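All remarks here apply to the structure that follows.
The values are calculated or read from the model by the stated rules, or taken from the named source; none is laboratory data. Please read these numbers as outputs of a predicted model, since none were measured by experiment. Positions of Cβ are generated from backbone atoms using ideal geometry, with glycine treated the same way; all protein chains shown enter the neighbour counts. What goes into the accessible areas is simple: the full protein's heavy atoms, side chains included, and nothing from ligands, DNA or RNA. Shrake-Rupley method; radii C 1.70, N 1.55, O 1.52, S 1.80 Å.
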Amino acid sequence: MEGRCAVETWTEFGFSGTPYTPKIKFGLGTNVFLCTGSDEVFVFSTQERKLRAVLQFPGPVSDLVECHDKQLLYVSCRSGVYCISFPFLLSRVQSSPADASSSPAELKISSDFLVVGEEGALSLLLVSSVLLILSQRDTSWLLSLYKTPEQTQSSSYEMLGSFRLPQVLADLNSDTEGQTGTRRRPVLVCVHPGHPKSPSSSSTSSSEMTITDSHFCLEPVLFKLLFGIDAALARSPVILCGLPDGRLCFLPLRLPGSQLRVLRSLEQPVVFVGASVVMETGPGLARCLVAVGEQGRVVLMKTDKGEPEGGGDMAGFIEGCVPGPVVCSFVDEHHLYYSTGSDLLVLDLSEGSSWREGKERDGETSRKTAAAFQSPTSLNVCRVIALAAPALNTTGDVQLLGLTIRGQLQRIILPAGREDAGSSNLPSTQVGRSVRDLLSAIGDVCERASVLKTAIKSKNQILRHLNHVLNISFLLLANKNSEEHLPMQEKQIRCYAETRWSRLLQKDSLNLTCVLDNSSPYVLEQGWTLSITVFPLSYSSSAEGESSSTNFSFPFHNLNPGETLEVSLPLSAAGDTSFPMRVSCSLIFSLSSLLGEEETAHLPSLQSSCISLPLNTLTVDWLHTLQVNSPTMHPISRNATSQSSNITTDTVQAFLNSHRSRCAGRGEGGGEGASKAEREQCSASVRVSSELLRDTLVLKSSDLDPRGPKSTPQNLCSSLLDWLLYESPEGVKMGHQGDRFVLSSSVVHARGPTGDTVKLTAKEVNVGEESLRAIEVQIESSSIAAVCGLHHAVLRRIQYQWRRRQQEVYFGLSSWCCFLWQCNNLQPPTSTCV
Amino acid sequence: MSDKMYQPTNLLNKWVQENNELVNKCKFAFASSFQQQEGGGDTLSRDQNQTPLRSYSSEFHKLLRKIQGVPPLVNHTHLELSVVYNACVCSTAQSQFTEAELLLIQAIQRALQMTGDEPVASNRTVFWRTVLKSVGNTTFNTCVRYLLCLQWAIWLATCQLTIIQELKEELSSLFETLCGGVGDDKKNEARGKSSDIPLLVTDPRGLVELLQICTSIIQGAERLSEGQSSEALSALQTASSLPAPRALLAYVHFLSGSCLAHMSRPQMALQCYRKALVTDACCVSALYQSMLIYRQLGNTQAEIQALRLLQSTLMLPSVTVPALATTHLLSPSLLLCSQSLSSLLSVPSALSVLHSLALKCVLHGRVSEGVEHYLDLLAALHSEDQHGVHAEAPALPRLPELYLEAGAALLMARRPADCMALCNEVISTTLELLPEKVVLEDPEETSEAETRDMSVDGEDRVGMLLWTGAAYLLQGHCHTHLKDWKQAVTHYTRCINLLVRVRFKKKGFQPQITSGDMVVKQGTHLCILQRLKGLSLAGRGISFTQTDQLKEALRDLLLSLQASPECVGAGLWCGEVLWRLGRRQEAAACWEKTWSFTTQHHSAEGLPVYLQEPQSGPLLDSTELRHRIQELGPN
């Protein structure tokens, strides 16, 4: 258990999704300031282990900095920088009554405390009496310097000047901002030239410098190498600023005519800039500057000893990449601590101090460097999003203060003897503490494990999902390849449909109810969409037909094996005669549904990518659109039936002969036309061999019809009509309003989609001299469109059935059907051979 | 409440009262902040003023919206236009020019709807001409004039000088009516006392005066930068009689001086600058320009005097930013934002002035004064209050050079210990970074090589080496001054050892140690290198002569002359050594040659002060030498 460390949760704040990255800062004695990025700043007492005050600001707090000498706290807000004095704060905290133990003092900070009205301040830094404010203007970063007044009371903050740095185009910040909505605060730190020779200039402030986390004393040679001789000669503190666009800039503060210059670019948002001793040489002098980027890039800046001949010392930049995103980071004397959000890791920087020593072994050392960066030690503390070192470090072991994403303030005590493994003999006083540490560590590991578990679970889920999708894809693709051979019923996933007339607001409309039947062994899970395209068959080739196609999408959640999904879509309104319609069904899977919304949000290419698998195609023809009148209402139809029954037919062979009957003569023709029908009636007929019909229909309905093969011609006629109207050989059938009435007669009266009445008559006729028996289906209507459409539909059905039958039973039948059809004012007769 | 809505007179009174209250509050706030500003000496509180100004501005706008919610009425117009004036003044003071202009135009159009004719707004010149004509002698004539004042201010602040030029006559008649009409003014004041007259936040009369002088200043500056000095001069001379704040009058005089300086009349220009300074003692640009003229005229004493004045003025806390008395809500600095004016007015930073002063003093024999200035400069650089915010040119030299210059000055002032301390500072800073070997490229490529070197890690390695060398050289001089010959030799040797690290590389040749016969351009690294070599070898040679190591002395002096033939000390001492060695003819020849060099060249002029020959070492008396030659002569 090398990396085990004790975690002690001090308090918990609830917060989420704040506009700025949170920050913890020690100050005001043993207190901790927490700024979570929301409007509040919390003051937490580490001694009393409780929240002492909540400062409520008028806007989201971006940064805070404290001034030790003058006992001031500067807080930057959207509207500017506020200054609160500690005595005031303490008086307000203590003035609240004795029951303060229960609730912290709440202070509303009004605009009276506003000292610098600079908008959009993101980061603050205080260097002796100068307050530096980094803010973002439209296209540039602006670093403004304000002189803080000598007296606390005075409110005049003299602006000393400002430095501008244009923003680079590629804003690396957008990534994080898009995901979490949190703006990364630019890092602002101050580097002092740690000059052992001159205690006079920095004697008062040096003690403070080493303690606070944004001031470092840098070893002189490195300072000169990085920031120039002039800054070193002037002993000017240097402001280092790590921007969210990845640049690390520096500015010698007290050098006349100095400018904000770029020191290095990390090419990813800078999370942290710190300094480390690495090798203990000078007292408190850092020998190495460390900058950490959001995606794990670590840059160590230190002095490179020059080669014996050639140049002198050089500034060495060692770059490496630690695994994982870096949420926050911290450096102590030898180690770099960083949190990935799911774990706190530590990297030993002193290991790397020897990385560059021999130049001749460059290849080897660089490998070692990479290895060292790749193998940080895990401390098993998760969800830390802000880190700070406590001001008091009494015991000598490393203590860190962390803020977790849930808002828990934690003290993380790293085991003292992590390097030397021989520290197993603990004094008895420490045993109790050790057990407590162990317990809390276990708790922390549990929490971490649960995080990992959910991650693995979701990955497995996605893989299983993907597997299903692939299975279904293969199944459907195999179907497509063998579509011609497989009858529809054998497809495991298919669509069938039903037409249904409905009446809404006195308008009839034809709806299609599509049923997706999943008889495959796989579940159609979330992400699948049933897509149905409807387009008229007759126009499908022309340009206007393309435009008249309509697409319907039905996303669905889960369709288990054996389940069906029923969707309904409007097919046409009454009066529309664009039948037959083709209904093409397909299943679409969108890849983005595999991942969560967050993951897909930043992969825009994935959002549109999907798998589209065609299922099957249905045809809605005229027969489907008929509204059959109940036989009781139409005495004429009964007559027709009796008439048709009179006709006797006995020929075996069937041929088609269609003729036109003009019952009432031409429209302008005579007075007798008015007696029967006002308009001219068109008719068409189709003749089918009775034997053939008997075979197919009887075969088909043998299980339904107990009369079996002994079906009479009368039965044959009615069952033919029944089959035409109600069966669904191709997957589409006509729905029935109310009960389906059994067609006992061989005459059917119906209304077509345009509202015309249609009469379908089936009768047995003798064809030719060889007494071939055939069933003739006659279609009569006043509308030519209806006659044409129905004729086509009947032909199509018979053709389809015929093809099926050929495949199923008997192929050697030499019988042939000839369908002939004539109409007066139609095109020349067409004939089809089957 | 609803009753009041139907009583326009009451409503009017209420609005007037509201306006007057606001105006009084605003005036009071501004006056108190102005006083505070005066007392605290804080010049930059314009930012602080913004916040209350913003709130007043929004209050005025709110009031205006209320008033404009009612259809235009004749008896409301005076109030309405007054409130528009107040709101626009506030907006303009916050630099919201377009907003103010829009408000102004809309208000005038609304007012004109009552008179019936509506002017076209497409062209501003035409618009104002028609407005002025149609307003004629109506009751709100004065109000519209006040608004024209504001429009003028906006044009000035946005540098739309052409429109101002086009409407020159209208504006000057406006100026005359507002300032000249005394009776009218009295009447206004009399009316202003009663409470039902809407008050204004700034007095339009004062505003128009300010506008007149600011316009003259800006136009003068523009013409001057376009090269029309004489036209600018005549316009400025008429402007100098205008009533105006002192600071602005000083600008007028200053610009007149600049015109004259452009017309190559330096003495008259100096007169004008003097007038500017008399008018406003803080007109630093006049001082700076006079200093430049003195420098041009070669009047060193006057130049030093001017520099001293300039420096002390710049060191005053309030003068760093040209503070113009802001008695008006619309400050002159808001109105004078022309680019050419600010470039004319620009003055180098106090520190760079101090540096030129120190250098001038040292170079022209006022060593002790120069030393004091150098020490002041160094102290200023190290003070906590120093912040590198003055980035304008001419910048200071690099800090090590500054240290070396100060060291040389200290040595000249016979303070060798202080000089050594400064040099130690430079050496300790640079020593660790010095390269073991460095190649100096062909002179033609030096600049390129420098930039490349700079880009490696921000420092010019050769330059650094030369600084360190110069520091050792100065330390050698110090020890020579103290007659500590052994230490002097040590330090000169350190310098020489550093210098031989530099190899010179000519294009296509191998790197080599530099020699004296190369043609050297002034100011380059190579030039400084050769000069350093000459001086350090000469110094060591002279030190050897003092310890009677004549052979070593002769070698060094000869090498010195080879590196830098114009070294007078080396030449004279070389002759002396030869003389002591008994080579009297050669010695004589050497002396003669050296004297001929000194009459021919003054090559040391372009060099930094720390590369001048030391005046403090052991000296040879030229007359005595000539005497010796004469004695030798007959031989």
*Taking a probe of 1.4 angstrom, what is the accessible area of A:ARG297 in Å², to the nearest 10?*
60 Å²
*Ordering of A:142-149, A:448-455, A:467-474 by burial proxy (mean other Cβ atoms within 10 Å per residue, highest first)*: A:142-149, A:467-474, A:448-455
*Could you give the length gained on full extension between B:GLU586 and B:LEU482, defined as 0.36 nm per residue of separation minus the Cα-Cα distance, in nm?*
34.4 nm
_Give me the extension gain from A:ALA455 to A:ARG49: residue separation times 0.36 nm, minus the current Cα-Cα distance, reported in nm with one decimal._
142.8 nm
*Enumerate the calculated ³J(HN,Hα) couplings along the stretch B:535-548 in order (Karplus 6.51 cos²θ - 1.76 cosθ + 1.60, θ = phi - 60°), each rounded to whole Hz, writing x wherever the residue is Gly or Pro.*
5, 5, 5, 4, x, 5, x, 5, 4, 4, 4, 6, 9, 6
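At a 10 angstrom cut-off on C-beta neighbours, averaged per residue, how do the peptides B:622-631, B:167-176, B:361-370 rank from highest to lowest?
B:361-370, B:167-176, B:622-631
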*Using the Karplus curve 6.51 cos²θ - 1.76 cosθ + 1.60 with θ = phi - 60°, work out ³J(HN,Hα) for each residue of the stretch B:203-215 in order, rounded to whole Hz, and write x for Gly and Pro.*
6, x, 5, x, 4, 5, 4, 4, 5, 4, 6, 5, 4
*R0 = 45 Å: FRET efficiency of A:GLN408 with B:ASN497, Cβ-based, nearest 0.05?*
0.10
_Calculated FRET efficiency for the pair A:ARG164/A:THR11, C-beta based, R₀ 56 Å, to 0.05_ = 0.85
*If each of B:GLU176 and B:ASN10 carries a label point 7 Å out from its Cα toward its Cβ, how far apart are those two points in nm?*
4.8 nm
*Taking R0 as 41 Å, what's the FRET efficiency between A:ARG78 and B:THR115 from their Cβ-Cβ distance, rounded to 0.05?*
0.30
